[in-house]
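Comments concern the structure below.
Since every read-out is calculated from the coordinates, none of them should be taken as a lab result. Keep in mind it's a predicted model, so treat the numbers as computed, not measured. Neighbour counts run over all protein chains shown; Cβ positions are idealised from the backbone, glycine included.
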There are 2 protein chains.
Amino acid sequence: MSDIKKIKIGIAGYGNLGKGVESGIKQNSDMELVAVFTRRDPGSIKIKTKNVPVCKYKDMERFIGKIDVMALCGGSATDLAEQTPEIARMFNTVDSFDNHVKIPEFYSLVNEAAFSSKHTSIISVGWDPGMFSIARVHSNCILPDGKDYTFWGPGVSQGHSDAIRRIKGVKNAKQYTIPLESAVYKVRKGDNPDLTTRQKHTRLCYVVAEEGADLIRIEKDIKTMPNYFDKYDTTVIFVSEENFTRDHSEMPHGGFVIRSGTTGENGKHKQIIEYSLKLDSNPEFTSNTLLAYARAAYRLAEDSEYGARTVFDIPPVLLSPFTGAELREKYL
Amino acid sequence: MSDIKKIKIGIAGYGNLGKGVESGIKQNSDMELVAVFTRRDPGSIKIKTKNVPVCKYKDMERFIGKIDVMALCGGSATDLAEQTPEIARMFNTVDSFDNHVKIPEFYSLVNEAAFSSKHTSIISVGWDPGMFSIARVHSNCILPDGKDYTFWGPGVSQGHSDAIRRIKGVKNAKQYTIPLESAVYKVRKGDNPDLTTRQKHTRLCYVVAEEGADLIRIEKDIKTMPNYFDKYDTTVIFVSEENFTRDHSEMPHGGFVIRSGTTGENGKHKQIIEYSLKLDSNPEFTSNTLLAYARAAYRLAEDSEYGARTVFDIPPVLLSPFTGAELREKYL
């Protein structure tokens, strides 16, 4: 370990992601939790770390100089779109902003806020965007001639589960995205198939209906929902509330990024790179990734490297508690 | 693409790796080959790129200022141990030095040579050391509580093939390293098994014997060879020279790095990260990796960032022909 002084972490937002950051800090001996910030009533929240205050968002200002990096754990991309630029004026930050299309605009806003106030903000950290993005860039640089494939799942899609819950007569729902084995097999073999949306993933929905609800109509509403379900083969299974709670309260996810390319004269050799994740807890994996990048944000700020960054700007050595020399000896 | 000006590449050593770099350059439109250097008689070597000279090693000096990055393609770690520190005084370099134990010492030598002469040298680039090393560091940073597993193969081990060829009565040989399915299965499931050397890989050897050689003695010599084979379950198959040439002239390889860890309260969630490669040509994959890092070496040198670097010091953006803004838009 290179430092004795611990990196002081703040958590903004105490949902699944914030709780994950809290447990993640305990796994990193060079970090400590300083405070948790919430939009709810702080008195209603019981955290798992002793002697750490739970405060209101508006109290954040009082912690300027006392927190090295704020882990932004807002529930959605919408939250973060507002929060990151605001908080980046007070603290170094890490976030998991995941609205791919809006990233360039978000980057500009955060960059301006962080740079002008001498802070460092690493945005869009997690697995996708995040580690999957790195896998795509690395693989494309090594294999310029090739095709990219990203498969998600098997795992819970929060967005699709929410969409089902908005249907009339639905009490609760969870949607699992499942990659199609046949497609994955062809890609791993190096066949470079052209795959339609329907040929890559199926969608499996567990639904708790309200008493007396029209199940046939609910099933039809799900399967025909534009963008979310209409382009997929979707299976709807109705379950009791009891079974739902028992079997579907976890948030597993995962997926794989595959680059299938060729090298050599006339591209005669196939080369396949795959990066894959199998996660029992999607939010906790993201939380731990946020912490590794919090370490990088802290170090960049110490070196007066201010402004916004993404995972593409961060060398592995900045993520690690070990020094370059230690890494060369142990991990190279 | 960010640049019009092409990066001028030199190749030192025209074996499998050098040939791979030559074909790789054709896949990267921002690079061009300037010269190939060899210890053999340049007249005996025919390269595949038109109007590019083949020169003797000692002519290298004449190319100072005309080559941006020299790709060092010496045949072995022994070659590179001498060549890199020498050539790093004249050019920016990339190499695939793979003697893990000697890396710290090698790094110091190269760092001194490159730094004092204002060059940038990225050492130990390839897949292991290289991309596998990055996978190990990334995964360890994200999952501090966990276990690392590296499996190699199925693929040809050059070192083990060479060792067999040194046995009396052996005309030719190729050794395939094969990961044991049962072990891989347990690791991917998250069982975190403790595995002995024998439980991780088997070794399969195809041998062409000289006429009249004692096959039983050869088989015994192989299976009992210290370090190389004695700790493994080894299978020896004798084949005719004809079949050997037909079936065993390629150099496939690959493998996977798995980190199996836990997150959350009491580590209740299993999280598995896997990085895997399936390569029809081991040297060509390494060559293409050298080129991606040659781009980074060139840029660092342009920014006066001199000295030795490893893959741990290089952010993804430096490897890519695209700018940061382009990467954020296309790959994040």
Exercise for review: Of the conditions (1) within 25 Å of residue B:259 (Cα to Cα); (2) β-branched (Val, Ile, Thr); (3) in contact with a Lys or Arg (Cβ under 6 Å, 6 or more places away or on another chain), residue A:234 clears all except one; give me its number.
Suggested key: (1)
Exercise for review: Out of A:287, A:260, report the one residue that is in a strand (DSSP E or B) and buried (at least 20 other Cβ atoms within 10 Å of the Cβ).
Suggested key: A:260
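Is it true that some residue in the stretch A:307-323 is of a type in the set (Lys, Arg) and in contact with a Pro (Cβ under 8 Å, 6 or more places away or on another chain)? Before the answer, list the steps.
Pass one, the stretch A:307-323, residues of a type in the set (Lys, Arg): A:309.
If we keep only those that are in contact with a Pro (Cβ under 8 Å, 6 or more places away or on another chain) too, we end up with none.
Looking through the stretch A:307-323, none of the residues is of a type in the set (Lys, Arg) and in contact with a Pro (Cβ under 8 Å, 6 or more places away or on another chain).
Which residue is nearest to the chain's Cα centre (by Cα), if the candidates are limited to the stretch A:117-128 and must be surrounded by fewer than 23 Cβ atoms within 10 Å (Cβ to Cβ) and either assigned to a helix (DSSP H, G or I) or of a type outside the set (Ser, Thr, Tyr) (or both)? So that I can check it myself, show each step before the final result.
If we filter the stretch A:117-128 for residues that are surrounded by fewer than 23 Cβ atoms within 10 Å (Cβ to Cβ), which is where we start, we get A:117-118, A:128.
Next cut, either assigned to a helix (DSSP H, G or I) or of a type outside the set (Ser, Thr, Tyr) (or both) only: A:118, A:128.
Details: A:118: 26, A:128: 6 Å.
By that ranking, first place goes to A:128.
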Point to revise | Single condition residue B:249 does not satisfy, out of (1) surrounded by fewer than 16 Cβ atoms within 10 Å (Cβ to Cβ); (2) assigned to a strand (DSSP E or B); (3) not aliphatic (A, V, I, L, M) | key: (2)
Point to revise | Count - residues of the stretch B:84-106 that are buried (at least 18 other Cβ atoms within 10 Å of the Cβ) and either of a type in the set (Asp, Glu) or within 14 Å of another protein chain (Cβ to nearest Cβ) (or both) | key: 7
**Study point:** Residues satisfying the stated conditions in the stretch A:231-263, i.e. out of contact with any Gly (no Cβ under 6 Å at 6 or more places or on another chain) and basic (Lys, Arg)
**Key:** A:231, A:246
Revision key, fill the gap. Among (1) surrounded by 20 or more Cβ atoms within 10 Å (Cβ to Cβ); (2) touching a residue at least 40 places away in the same chain (Cβ under 8 Å), residue B:60 falls short only on (1)
Point to revise | Residue check, residue A:322 touching a residue at least 60 places away in the same chain (Cβ under 8 Å), under 29 Å from residue B:128 (Cβ atoms) and at the interface with chain B (Cβ under 8 Å from one of its Cβ atoms) | key: no
Revision key, fill the gap. Checked against (1) more than 15 Å from residue A:286 (Cα to Cα); (2) in a loop (DSSP other than H, G, I, E, B), residue A:14 satisfies every condition except (1)
Exercise for review: Kindly indicate which of B:294, B:308 is part of a strand (DSSP E or B) and under 30 Å from residue B:86 (Cβ atoms).
Suggested key: B:308
Review point. What's the number of the condition residue A:255 fails, among (1) touching a Phe, Trp or Tyr at 6+ places or on another chain (Cβ under 6 Å); (2) at negative phi; (3) small (Gly, Ala, Ser); (4) in contact (Cβ under 8 Å) with a residue 40 or more places away in the chain?
Key: (2)
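Please go through the stretch B:115-125 and pick out each residue that is at the interface with chain A (Cβ under 10 Å from one of its Cβ atoms), out of contact with any His (no Cβ under 9 Å at 6 or more places or on another chain) and at positive phi.
We begin by selecting, within the stretch B:115-125, every residue at the interface with chain A (Cβ under 10 Å from one of its Cβ atoms); these are B:123-124.
From the residues that got through so far, the ones that are out of contact with any His (no Cβ under 9 Å at 6 or more places or on another chain) too are B:123.
Across the stretch B:115-125, there are no qualifying residues.
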Check your understanding: If we keep just the residues of the stretch B:254-288 that are more than 7 Å from chain A (Cβ to nearest Cβ) and aliphatic (A, V, I, L, M), which is nearest to residue B:145 (Cα to Cα)?
Key -> B:258
Check your understanding: What tally of residues in the stretch A:33-62 results from selecting those that are under 22 Å from the mean Cα position of the chain (by Cα) and of a type in the set (D, E, K, R)?
Key -> 1
Exercise for review: Go through the stretch A:107-116 residue by residue and tally those that are crowded, with 21+ Cβ neighbours inside 10 Å and under 16 Å from residue A:313 (Cα atoms).
Suggested key: 3
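Looking only at the stretch B:129-174, which residues are part of a loop (DSSP other than H, G, I, E, B), closer than 19 Å to residue B:79 by Cα and facing chain A (nearest Cβ under 9 Å)?
Scanning the stretch B:129-174 gives a single hit, B:129.
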Practice item. Test residue A:328 against the stated conditions and say whether it is crowded, with 20+ Cβ neighbours inside 10 Å, among the basic types (Lys, Arg) and within 8 Å of chain B (Cβ to nearest Cβ). Key: yes
Review point. Out of the stretch B:308-317, which residues are more than 7 Å from every other protein chain (Cβ to nearest Cβ) and in contact with an Asp or Glu (Cβ under 9 Å, 6 or more places away or on another chain)?
Key: B:308
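Taking the stretch A:74-99 as the region of interest, how many residues are part of a loop (DSSP other than H, G, I, E, B) and within 18 Å of residue A:124 (Cβ to Cβ)? Show your work before the answer.
Initially, the stretch A:74-99 is screened for residues part of a loop (DSSP other than H, G, I, E, B), giving A:74-76, A:88-91, A:95-99.
Retained after the next criterion (residues that are within 18 Å of residue A:124 (Cβ to Cβ)): A:74-76, A:88, A:91, A:95-99.
Here the count works out to 10.
Within the stretch A:109-136, track down each residue that is small (Gly, Ala, Ser) and over 8 Å from residue A:308 (Cα atoms). Write out each step before concluding.
Within the stretch A:109-136, the subset small (Gly, Ala, Ser) is A:113-114, A:116-117, A:121, A:124, A:126, A:130, A:133, A:135.
Hits for the stretch A:109-136 are A:113, A:116, A:117, A:124, A:126, A:130, A:133, A:135.
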